[in-house]
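Peer 1: Supplied in structure tokens, the structure appears directly below.
Every number here is computed from the coordinates shown, using simple stated rules; none is lab data. Bear in mind that the values here come from a model prediction, so they are computed numbers and not experimental data. Every residue, glycine as well, gets a Cβ built from its backbone with ideal geometry; the counts of neighbours run over all protein chains shown.
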Amino acid sequence: MARKTPQSFDSDHCPYCGQNILTGAMRCVSCGKMLKTPEEQKAAIDHVIASRKKFRIASVIRIMVFLIIIGVAYYFFAGQLSAVIKKLLGS
């Protein structure tokens, strides 16, 4: 019987021992066999790092835009806001 190779493996079971593994795992926690080649491992790690950097940059840009909008709104409406607060407080 031919032994399965990691490249022919496309389910969530280890091709060597048959135990359940997490999808995308690089190594089987049960038998310790490598499920991906070093090139596949490096590509997976690079993908995760790139997506995290992209997320950080996008988050920083969103926060900056939000703060700018709040600042501009406060600048234009600060006088009206204080008048409304004074009316509500009855001063």
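Peer 1: Binning at 10 angstrom from zero up to the longest distance, how are the C-alpha pair distances of the chain distributed in percent?
Peer 2: 14, 23, 15, 12, 11, 10, 11, 4, 1
Peer 1: Hey, can you grab everything whose amide H is under 5 Å from the amide H of Ala25? Only 5+ residues off in sequence or another chain; H modelled, so Pro and N-termini drop out.
Peer 2: Sorted by chain and number, the residues that satisfy this come to none at all.
Peer 1: Would you mind checking the tilt of helix 38-89 against the longest principal axis of the Cα atoms of the chain, expressed as 0 to 90 degrees and rounded to 10?
Peer 2: 10
Peer 1: Can you give the local net charge around Ala25? Use residues other than it whose beta-carbon is closer than 10 angstrom to its beta-carbon, Lys and Arg +1, Asp and Glu -1.
Peer 2: Neighbour charge sum, excluding Ala25 itself: +1.
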